[in-house]
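Engineer: Below is a structure I'd like to ask you about.
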Amino acid sequence: MKFFAFHLMPWDRLPDDFEQNYKTAWTWLPNEIFDPQHGGELYNNYLDQLVLADELGFDGVCVNEHHQNAYGTMPSPNLMASILARQTKNCKIAVVGNAIPFYDPPTRCAEEFAMIDCISGGRLIAGLVVGGGPEYYSFSKNPTFAREMYREAFDLIMRAWTEPGPFEHYGKHWKLKYVNPWPRPIQQPHPPIWIPGAGSRETIQFVAERRFAYMGIPYFHMDFFQRNFDMFRDACEKCDYTADPEQLGWLLPIYTAETDEQAWAEYEPHLWYFVKKLLKGLVVFPPGYTSARSIAGIQKGLQQFMSTCETREDIEAGGYAIVGSPDTVRQKLSERIKKLGVGNLLGLFQLGTLPHDLTCKSMKLFAEKVMPGLREELNATVGG
Amino acid sequence: MKLENKTLNVAGKKTQLTVLGEGPPLLYLHSAGGETEPIAFHKKLAEKHTVYLPAHPGFALSEGLDQIEDIGDLAWHYVDLIQMLELEDVPVVSYSLGSWIASEVKLLRPRLIGPTVMIAAAGLHLEGAPMAELFIDEFDDLRKLLFFDPESQEAKDYFPSDTNDPRILMWLRAREATARVGWNPYLHNPKLKNHLHRLDSPVQLIWGRQDKLIPAAHGEYYAEHLPNARLIELEECGHMVPYEKTQEAAEIALDFLATENA
């Protein structure tokens, strides 16, 4: 069982009238709201939190890529990962991921990931993603080509890591006379690959066939995760092997404090800031990004999305976040991890307005009072 | 009124074609909204013409979007289609996305297309008169964007109100097919401006003065830079001219075609 600290690097100062006067935290949210001075403090706090995760014995830290939004102010996760490659000593550095259709050419991703892998001494986990719906607006990238661009970029990056260069690539979207990236990654034949998914059968099939790891995209009801993870395991069986729990990851907000009551009191306003403000506008489907037929299914799934929650009871019943004393958090996580059969837990410990000291306190409590017991218990059942 | 539904194979692309009415031929090129089933506006035109109403690739039951990568591919599709129908110098009534296609076809094969009615045409980028965002999810916001009176009956009838509407699959297909050629550059061809002087057949432009999607300034630019064009702007009318000003717009189109064909 592996424990990761996942970071979005969210913006914590959305206006009080945000819910009334702004339609979304994405794409069209005026960037005047971003205060660079404060942004600098936030970035440093956030990096400190991830360095702390390494010191506390987390197995890894996760950064990710988003553009032109308040939900995740990390347009270049590779910049953050390269800082972490120097400032952390032991933990894996999972970039989940690079949105590879936006890398022009995608061999930039192969190069930058290889640099991080070299600097960190082979600690990189390479996440390769299609990019979120809103990003196709932010970059004016044609979403009707998203999937085929992703597949082309993906295959190109894999070849760049595994085939001696220089070689030619003449694809539909990129035409490269010389593919010959320097540097090459330490991890051979290539760093471990993580691919996030929200339940699309196509993605599940793709990941299962190649024996990569499938990360459950967060903020859904427990039942939705269960269905997706079961689907993934079935897909692996159809490929004639049994999925390793480490091929599955589950990401969700976690907060630990001394008691259940204290945890909720400290955490709740910040959770709602996240749910009601930062999630606003996250789920959009630009044309062609998902097939017209699958939209209906996804719409159904969205009825089980965290932003539909109105009360603490809704959050707890759906397992959208785990909040409480170390005992409560441990017991709930244990039960659910066993049920879901996942070998990677990706905890979101900071979700916007949560103060730096409370974030660190929660992470420490989690690392000291939750993680060791869970590790021991789950290594026996879910796999080491 | 005579009505015939056909399925053509246009260079490997299955294409839905509706033929409506009687008289000299007229090709109708539809908008991003995908008015591929006969609407009142088509029926008015069909009182005087045999209206050929094809669905663009990816719209309605037409296929072949996988062979379309940009507006040029779409224009070549219409070169093939017009030749297949054995039409030449055919009068065209076109709307929005359809008008952009008409311009592009005319540039590729000037003799295929005759006098052209262009209603609220896409195709240009004008500094100071940006086109609004068409690719949004909220139907209420779209209705406000496209109609002069979003509360009118036409506005309510024409639009799905939510994703449970049975028309939603066709709607999503139309949106995807539009995005394929119109996402970036956004609903225009940066080179088209430099070609306008070559589009020298008669053009009747019709615009809703309150068009919020493609501002009337675009109509004025076309009128100024096309060698043989005139513009009529309609009051109390948004982008949805064929729905909001059915009678008036059809009469302008028919009068123009009658004069130009005389």
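Engineer: Answer with yes or no whether A:VAL130 is touching a Lys or Arg at 6+ places or on another chain (Cβ under 8 Å) and farther than 25 Å from A:GLY281 by Cα.
Structural biologist: Considered against the rule, which asks whether it is touching a Lys or Arg at 6+ places or on another chain (Cβ under 8 Å) and farther than 25 Å from A:GLY281 by Cα, A:VAL130 comes out as no.
Here's the yes/no breakdown for (1) more than 14 Å from every other protein chain (Cβ to nearest Cβ); (2) over 28 Å from B:GLU69 (Cα atoms):
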{"residue": "B:ASP141", "(1), (2)": "no, yes"}
{"residue": "B:LYS144", "(1), (2)": "no, yes"}
{"residue": "B:GLU154", "(1), (2)": "yes, yes"}
{"residue": "B:ASP165", "(1), (2)": "no, yes"}
{"residue": "B:TRP171", "(1), (2)": "no, no"}
{"residue": "B:ALA174", "(1), (2)": "no, no"}
{"residue": "B:LEU187", "(1), (2)": "no, no"}
{"residue": "B:LYS191", "(1), (2)": "yes, no"}
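Engineer: Right, here's the next one. If only one of A:ALA263, A:ALA292, A:ALA321, A:ALA317 is in contact with a Lys or Arg (Cβ under 9 Å, 6 or more places away or on another chain) and either among the hydrophobic types (A, V, I, L, M, F, W, C) or within 14 Å of chain B (Cβ to nearest Cβ) (or both), which one is it?
Structural biologist: Only one candidate passes the filter, namely A:ALA292.
Engineer: Please specify each residue of the range A:220-265 satisfying the condition of being under 25 Å from A:THR353 (Cα atoms), at pLDDT 95 or above and not in a strand (DSSP E or B).
Structural biologist: A:ALA257, A:GLU258, A:THR259, A:ASP260, A:GLU261, A:GLN262, A:ALA263, A:TRP264, A:ALA265
Engineer: Could you grab the pairs with beta carbons closer than 8 Å, sequence gap of 6+ or different chains, first residue in the range B:237-262 and over 18 Å from B:GLY219 (Cα atoms), second one open to solvent by 30 Å² or more (accessible area, probe 1.4 Å) and of a type in the set (Lys, Arg)?
Structural biologist: B:THR246/B:LYS44; B:GLN247/B:LYS44; B:GLU251/B:LYS44; B:LEU254/B:LYS44; B:LEU254/B:LYS48; B:LEU257/B:LYS48; B:ALA258/B:LYS48
Engineer: Looking only at the range A:333-384, filter to residues that are open to solvent by 20 Å² or more (accessible area, probe 1.4 Å) and among the aliphatic types (A, V, I, L, M); which one of those is nearest to A:TRP11 (Cα to Cα)?
Structural biologist: Across the range A:333-384, the extreme among qualifying residues is A:LEU358.
Engineer: Go through the range B:63-104 and give me each residue that's in contact with a strand residue (DSSP E or B) (Cβ under 6 Å, 6 or more places away or on another chain), open to solvent by less than 20 Å² (accessible area, probe 1.4 Å) and within 14 Å of chain A (Cβ to nearest Cβ).
Structural biologist: B:GLY64
Engineer: Of all the residues that make up the range B:92-116, how many are without any contact (Cβ under 8 Å) to a residue 60 or more places away in the chain and either part of a loop (DSSP other than H, G, I, E, B) or aromatic (Phe, Trp, Tyr) (or both)?
Structural biologist: 3
Engineer: I've got another one for you. Can you find even one residue in the range B:109-127 that is small (Gly, Ala, Ser), within 20 Å of the chain's Cα centre (by Cα) and within 12 Å of chain A (Cβ to nearest Cβ)?
Structural biologist: Checked against the condition, which is being small (Gly, Ala, Ser), within 20 Å of the chain's Cα centre (by Cα) and within 12 Å of chain A (Cβ to nearest Cβ), the range B:109-127 yields no hits at all.
Engineer: For A:ALA70, indicate whether it is in contact with a helix residue (DSSP H, G or I) (Cβ under 8 Å, 6 or more places away or on another chain), modelled with pLDDT of 95 or more, of a type outside the set (Phe, Trp, Tyr) and under 18 Å from A:LEU348 (Cβ atoms).
Structural biologist: The answer is yes for A:ALA70.
Engineer: In the range A:67-93, what count of residues is obtained for those that are buried (at least 22 other Cβ atoms within 10 Å of the Cβ) and either among the small types (Gly, Ala, Ser) or touching a Pro at 6+ places or on another chain (Cβ under 7 Å) (or both)?
Structural biologist: 5
Engineer: Return the total of residues in the range A:193-209 being outside any strand (DSSP E or B), modelled with pLDDT of 95 or more and either under 18 Å from A:THR290 (Cβ atoms) or open to solvent by 10 Å² or more (accessible area, probe 1.4 Å) (or both).
Structural biologist: Number of matching residues: 2.
Engineer: Residues B:LYS14, B:LYS48: which one is in a strand (DSSP E or B) and either at pLDDT below 95 or of a type outside the set (Val, Ile, Thr) (or both)?
Structural biologist: Result of the check over B:LYS14, B:LYS48: B:LYS14.
Engineer: While we're looking at this one, here's another question. List every residue pair whose Cβ atoms sit under 7 Å apart, with the two residues 6 or more apart in sequence or on different chains, where the first one lies in the range B:117-141 and is assigned to a helix (DSSP H, G or I) and the second, anywhere, is at pLDDT 95 or above and open to solvent by less than 20 Å² (accessible area, probe 1.4 Å).
Structural biologist: Pairs that qualify, where the first residue is assigned to a helix (DSSP H, G or I) and the partner is at pLDDT 95 or above and open to solvent by less than 20 Å² (accessible area, probe 1.4 Å): there are none.
Engineer: Which of the strands (runs of 3 or more DSSP E) contained wholly in the range A:47-162 include at least 3 residues that are more than 14 Å from chain B (Cβ to nearest Cβ) and either aliphatic (A, V, I, L, M) or over 15 Å from the mean Cα position of the chain (by Cα) (or both)?
Structural biologist: Filter on the range A:47-162 gives A:92-99, A:124-129.
Engineer: Take the conditions within 14 Å of chain B (Cβ to nearest Cβ), open to solvent by less than 40 Å² (accessible area, probe 1.4 Å) and of a type outside the set (Ser, Thr, Tyr) and apply them to A:GLY216. Does it pass?
Structural biologist: Judged against the criteria, A:GLY216 is not a match.
Engineer: B:LYS13 fails exactly one of the following numbered conditions: (1) touching a residue at least 24 places away in the same chain (Cβ under 8 Å); (2) over 14 Å from the mean Cα position of the chain (by Cα); (3) closer than 17 Å to B:LEU87 by Cα. What is the number of that condition?
Structural biologist: Going through the list (1) touching a residue at least 24 places away in the same chain (Cβ under 8 Å); (2) over 14 Å from the mean Cα position of the chain (by Cα); (3) closer than 17 Å to B:LEU87 by Cα, B:LYS13 breaks only (3).
Engineer: Quick one: which residue in B:ILE168, B:ILE206 is in contact with a strand residue (DSSP E or B) (Cβ under 7 Å, 6 or more places away or on another chain), of a type in the set (Val, Ile, Thr) and open to solvent by less than 50 Å² (accessible area, probe 1.4 Å)?
Structural biologist: Result: B:ILE206 is the single residue among B:ILE168, B:ILE206 that is in contact with a strand residue (DSSP E or B) (Cβ under 7 Å, 6 or more places away or on another chain), of a type in the set (Val, Ile, Thr) and open to solvent by less than 50 Å² (accessible area, probe 1.4 Å).
Engineer: Here is a follow-up. Would you check which residues across the range A:296-314 are in a helix (DSSP H, G or I), more than 14 Å from chain B (Cβ to nearest Cβ) and β-branched (Val, Ile, Thr) and list them?
Structural biologist: Once the filter is applied, which keeps residues that are in a helix (DSSP H, G or I), more than 14 Å from chain B (Cβ to nearest Cβ) and β-branched (Val, Ile, Thr), the range A:296-314 yields only A:THR308.
Engineer: Taking the residues in the range B:176-185 that are assigned to a loop (DSSP other than H, G, I, E, B) and either touching a residue at least 60 places away in the same chain (Cβ under 8 Å) or open to solvent by 30 Å² or more (accessible area, probe 1.4 Å) (or both) as candidates, determine which candidate is nearest to the other protein chains (Cβ to nearest Cβ).
Structural biologist: By that ranking, first place goes to B:ASN184.
Engineer: Mind telling me which of the residues A:GLN49, A:GLN68, A:GLN20, A:GLN37 ends up being closer than 15 Å to A:LYS276 by Cα and not basic (Lys, Arg)?
Structural biologist: A:GLN20
Engineer: Next question. Please specify each residue of the range B:122-143 satisfying the condition of being of a type outside the set (A, V, I, L, M) and either closer than 23 Å to A:SER294 by Cα or surrounded by 16 or more Cβ atoms within 10 Å (Cβ to Cβ) (or both).
Structural biologist: Those that are of a type outside the set (A, V, I, L, M) and either closer than 23 Å to A:SER294 by Cα or surrounded by 16 or more Cβ atoms within 10 Å (Cβ to Cβ) (or both): B:GLY123, B:HIS125, B:PHE135, B:ASP137, B:GLU138, B:PHE139, B:ASP140, B:ARG143.
Engineer: Among the residues of the range A:296-330, write down those that are farther than 14 Å from A:PHE224 by Cβ and over 22 Å from the mean Cα position of the chain (by Cα).
Structural biologist: Within the range A:296-330, A:ALA296, A:GLU310, A:THR311, A:ARG312, A:GLU313, A:ASP314, A:GLY324, A:SER325, A:PRO326, A:ASP327, A:THR328 meet the criteria.
Engineer: A further question on this structure: In the range B:223-262, which residues are assigned to a helix (DSSP H, G or I), of a type in the set (A, V, I, L, M) and either on the phi > 0 side of the Ramachandran plot or open to solvent by 10 Å² or more (accessible area, probe 1.4 Å) (or both)?
Structural biologist: B:ALA223, B:ILE252, B:LEU254, B:ALA258 - these are the residues of the range B:223-262 that are assigned to a helix (DSSP H, G or I), of a type in the set (A, V, I, L, M) and either on the phi > 0 side of the Ramachandran plot or open to solvent by 10 Å² or more (accessible area, probe 1.4 Å) (or both).
Engineer: In the range B:39-51, how many residues are open to solvent by 10 Å² or more (accessible area, probe 1.4 Å) and under 14 Å from B:TYR95 (Cα atoms)?
Structural biologist: 1
The values are calculated or read from the model by the stated rules, or taken from the named source; none is laboratory data. Given the structure is predicted, the values throughout are model-derived calculations rather than measurements. Here the Cβ is made from the backbone with ideal geometry for all residues, glycine too, and neighbour counts use every protein chain on show. Ligands, DNA and RNA are stripped out before the accessible areas are found, and what is left, the full protein with its side chains, is counted by its heavy atoms. Shrake-Rupley method; radii C 1.70, N 1.55, O 1.52, S 1.80 Å.
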